[in-house]
Amino acid sequence: MKASRTILLLFFWPVLSVVLVAIAIGYWSLTSLKSQYADNHQKQLGDLQVVQQAAIFSGEIGRIHQRVAGAIDAAYKGDLSDVQLYFLHASIVDELELLNKKVNDLANSELLHEVNHGSVIALQENFHQYRRFIIMATDIIAIDPNVASGYVQRAQENFVQFSLYTQRITNLLAQRAEARSNEGFDTQEQFFLSVVLIGLIGLLLMFLLALFSAGLVSRKMLVIADALSVMARNDHQVQIPMPQIERMQQTSNGEFGRIATALLSFRDAIARRKQAEAEAFQLAFYDPLTKLPNRRLLTERLNHSMMVNERSGQHGALLYFDLDHFKTINDAHGHKTGDQLLIEVAKRLKSCLRDVDNLARVGGDEFVVTLETLGSQSRHAANKVEQVAELIREQLNQPYEIEGARYFTSPSVGVVIFQGLTETTDDLLKHAETAMYGAKSTDRNSISFYDPSIQKEVEQRATLETQLHEAIEQNQLELYYQLQVDEHKNPIGAEALIRWHHPQRGQVSPADFIPLAEETGQIKAMGRWVIEKACEQLRDWQNQAHLSNLILAINVSAKQFKEPNFVDQVSQNIQRYGIHAGRLKIELTESTIIDNIEETVLKMRQLRELGVKFSLDDFGTGYSSLQYLKRLPLDQIKIDQTFVRDIVQDPDDVTIVKTIIAMSQSLGLDVIAEGVETQEQRDILLANGCHHYQGYFFGRPCPVEQFSADLVGRLAV
């Protein structure tokens, strides 16, 4: 409402100015005309009075002259006394004095001077002579009428001349009065025309000024309208350009300056709102590191791609990328290096794709590419997809230069081809991820197409993961024990092995759920449970004389061992159950040890101070443990069953076993072989210096009740 009033006022002031100036010019014109008319009227009245005075002047002199002539006649006849003649003389003198004043006034009039100045002088001279002779005649008439008559005669001559000049002057005065009247009317007319012309010019100038002002206002209003239009239709540009409004704010005062300020403030508010919306959109739909679309935006675009292919009848494809060994780079060189590598991967992926293709980052080191319009033939589409996937794989295999260092990684690629809307976007992503895991599990740096059978395995794995979580919570897990003996087959201890009795599926193989627990992190909870159960079992054995010397070995995963409070876990359980710490033996794999050797050595020494023993499990299957072997506070090395299995037939396995035993003896370490299933295997091991064994030949893993019963029977024998 206030803005509307302001705009009306901006247009009203120029119009009001023109009206006020027009009124002022009209008033001035009328006042000037009135003043000019009054001046001309006064001049005309003056001229008429002069003409009238000149016209009656001769008549008045004539009457005086007749009176003097009549007085002379009466004097001849004796009809007038001396007193009468004296009074006549005084009266004539007075009248002539009045006439003298009139003559002087007439002679001094502006009109008479304009007519003929010389005639005026002659008129005055003749009147003075006439007056002198008349006065002389009236003065002597009582003494000598004849002399008076002579003076009258001479006055008559001056009167005639005076009358001639008067008549002439009267004519000239009349002509001049008429001319002056005409001049006055002409002047008045010219003045009127001048006033009208000046008024028209003033009005025209004011009209032009009003037009200029209105045009200026209109242009500014047009600029304001354009600015409002730009702000109304601008949907993408955050900072709306308004240079004219900015100049208006700097150069204009008053209402336009305030309007410009308000528009710029409104523009800035819009810019801030759009910036906030853009940031919110970026956060909602884009990955902040690589600036690629995230899973949410990918799902929308994938759904659109599926609809396009549904209408066109063509195939599309979804490629799921995971970087091999990215975690190793990230952990070893820091997240900054990992982030730079991911940014470079995103750039390389973009360079391999068409404009119609879509790229997204859906996880830490996981990327997804969608391809459209691959043709209606599935085989042709598969060939195209394989070419694109191979091109991307080659690009990602190139070395990465980051801060002067070179890094290498490779992709495992899962591919699923789709046509139309036969499946949901979630299903396609799940299938592509399944294919990717297939590529990663079989041979990294490879391309794998989706296979429904693999998907079935993945679904079963997901179900198993849920059931494993329930198994931990519902105490479905159980420890089995496998006997360990010396060369005389005397029991020296046992290894605790975890088993899972599923209520519906029955016994679940450790080969199925142990790797799953490792991948999902549930191995930590399982490991804590194993430590507690093992300490509890050692407490029970300590109370039985024939079992009190047994050593119980437990397997500890790398993830569990890396827990910051792992030492406290073991220590608290030892104290809780009051067991002899030397009866507890922890088996570690090579991968656990070499991952962080300094931390591993520190924790092992802390536990060794409590009395806990350590055994290096699966020795010989790795390639880097030998260089660290001297630094580790180990008690035992366990020969992996892969070397024991074919030791009878394979001379190479014999050589490896000999080397392991010799090295262990040189370091003062005990040696135990696992997987011993025959007498021949045991004999070869014994012949080469291995005196401790574990395997089916001596006993299978079994529940604690059966293990205790078998052990009692063995001791009785």
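The values are calculated or read from the model by the stated rules, or taken from the named source; none is laboratory data. This structure is a prediction, so every number in the text was calculated from the model and none was measured. Methodologically, a virtual Cβ is constructed for each residue, glycine included, from the backbone with ideal geometry; neighbour enumeration extends over all protein chains shown. Just the protein is used for accessible areas: all its heavy atoms, side chains included, with ligands, DNA and RNA removed. Shrake-Rupley method; radii C 1.70, N 1.55, O 1.52, S 1.80 Å.
What does the charge count near Ala553 come to, summing +1 for each Lys or Arg and -1 for each Asp or Glu among other residues with Cβ under 9 Å from its Cβ? Write out the running numbers ahead of the final one.
On the way: positive: Lys585, Lys613, Lys638; negative: Glu495, Glu587, Asp617.
Result for the neighbourhood of Ala553: 0.
Using the Kirkwood formula over every pair of different C-alpha atoms, what hydrodynamic radius in Å results for segment 625-717? Could you put the intermediate results ahead of the total?
Numbers: mean 1/r = 0.0694 Å⁻¹.
Value: 14.4 Å, from the Cα pair sum.
Which value, in Å to one decimal place, does the Kirkwood hydrodynamic radius take for segment 359-416 when every pair of different Cα atoms is included?
Details: mean 1/r = 0.0753 Å⁻¹.
When all Cα pairs of segment 359-416 are included, the Kirkwood radius is 13.3 Å.
Just tell me which lysines come within less than 23 Å, Cα to Cα, of Lys220; anything on the same chain fewer than 8 places away is out.
Once the sequence-local lysines are set aside, what remains near Lys220 is Lys2.
Quick one: if you stick a label point 7 Å off each Cα along the C-beta vector at Glu423 and Ala122, how many nm between them?
Here the answer is 14.1 nm between the modelled labels.
So, counting K/R as plus one and D/E as minus one, what does the shell of residues with Cβ under 11 Å around Glu674 add up to? It would help to have the intermediate numbers written out before the result.
Details: positive: Lys638, Arg645; negative: Glu495, Glu587, Asp617, Asp618, Asp640, Glu677.
Local net charge: -4.
Under unit Cβ charges (Lys, Arg +1; Asp, Glu -1), what dipole magnitude, rounded to 20 debye, does segment 559-717 have relative to its Cα centre?
Values: 17 positive and 23 negative charges, 131 e Å.
About 640 debye.
Which residue, Gly582, Asn565, Ala553, has the largest displacement toward the positive end of the dipole of segment 504-610 when charges sit on each Cβ (Lys, Arg +1; Asp, Glu -1)?
The residue sitting most towards the positive pole is Gly582.
Accessible area of segment 587-688 with a 1.4 Å probe: how many percent of it is carbon plus sulfur?
48 percent
With each pseudo-label sitting 7 Å past Cα toward Cβ, what's the Arg219-Lys559 distance in nm, one decimal?
Output for this residue pair reads 7.5 nm.
Dipole magnitude of segment 290-389 about its Cα centre, charges +1 at Lys/Arg Cβ and -1 at Asp/Glu Cβ only, in debye to the nearest 20?
On the way: 14 positive and 13 negative charges, 50 e Å.
It works out to roughly 240 debye.
Excluding same-chain residues fewer than 8 positions from Lys102, which lysines have a Cα within less than 22 Å of its Cα?
Of all the lysines, those that pass the test against Lys102 - Cα under 22 Å, at least 8 places apart if same chain - are Lys43.
So what does the Cα-only Debye profile of segment 453-601 read at q = 0.13, 0.14, 0.15, 0.21 Å⁻¹, as log10 I(q)/I(0), no solvent term?
At q = 0.13, 0.14, 0.15, 0.21 Å⁻¹ the computed log10 ratios are -0.67, -0.77, -0.87, -1.36.
Let's test this: bin the Cα-Cα distances of segment 558-699 at 10 Å from zero up to the farthest pair and state each bin's percent.
11, 39, 31, 16, 2
Can you pull out the chymotrypsin sites (Phe, Trp or Tyr not before Pro) in segment 380-447 whose DSSP state is coil and whose Cβ has at most 15 other Cβ atoms within 10 Å? Don't skip to the end; give the middle numbers.
Numbers: sites: Tyr400, Tyr407, Phe408, Phe418, Tyr437; in loops: Phe408.
When the chymotrypsin sites (Phe, Trp or Tyr not before Pro) of segment 380-447 are filtered for loop state and at most 15 Cβ neighbours within 10 Å, Phe408 remain.
Which net charge results when you count Lys and Arg as +1 and Asp and Glu as -1 among the other residues whose beta-carbon is under 12 Å from that of Leu318? Can you show the working numbers first?
On the way: positive: Arg301, Lys430; negative: Asp357, Glu372, Glu423, Asp426, Asp427, Glu433.
Taking every Cβ under 12 Å from that of Leu318, the sum is -4.
Whole Å is fine, so just give me how far the alpha carbon centre of segment 492-525 lies from that of segment 401-442.
Segment 492-525 and segment 401-442 have Cα centres separated by 29 Å.
Quick check: with the 1.4 Å probe, what order do Leu193, Leu497, Leu302, Leu610 take by accessible area, largest first? Don't jump to the answer; show the numbers that get you there.
Details: Leu193 100, Leu497 30, Leu302 0, Leu610 80 Å².
Largest to smallest exposure gives the sequence Leu193, Leu610, Leu497, Leu302.
Taking N as the number of residues in segment 627-669, what is its alpha-carbon radius of gyration divided by 2.2 N^0.38 Å? If you can, show how the numbers build up before the last one.
On the way: Rg = 11.5 Å, N = 43, 2.2 N^0.38 = 9.2 Å.
This ratio for segment 627-669 stands at 1.26.
Please get the size of the charge dipole for segment 312-461, origin at its Cα centre, with Cβ charges of +1 on Lys and Arg and -1 on Asp and Glu, quoted in debye to the nearest 20.
180 debye
Hey, what D do you get for segment 60-108 in µm²/s if you plug the Kirkwood alpha-carbon radius into Stokes-Einstein at 25 °C and 0.890 mPa s?
Numbers: Rh = 11.7 Å.
Rounded to a whole number, D works out at 210 µm²/s.
How long is the gain from Leu211 to Arg605 if the chain were fully straight, where each residue apart is worth 0.36 nm and the alpha carbon distance is subtracted?
Details: separation 394, 0.36 × 394 = 141.84 nm, distance 9.85 nm.
So the extension gain works out to 132.0 nm.
Using Cα centres only, tell me the gap between segment 593-621 and segment 641-709 in whole Å.
22 Å
Would you please give the FRET efficiency between Glu300 and Lys350, computed as 1/(1 + (r/R0)^6) with r the Cβ-Cβ distance and R0 = 30 Å, to the nearest 0.05? List each step's numbers first, then the result.
Details: r = 19 Å, r/R0 = 0.64.
Computed FRET efficiency for Glu300 and Lys350 comes out at 0.95.
Just grab the label-to-label distance for Tyr577 and Gln190, each label 7 Å out from Cα along the Cβ direction, in nm (one decimal).
Calculated label separation equals 13.7 nm.
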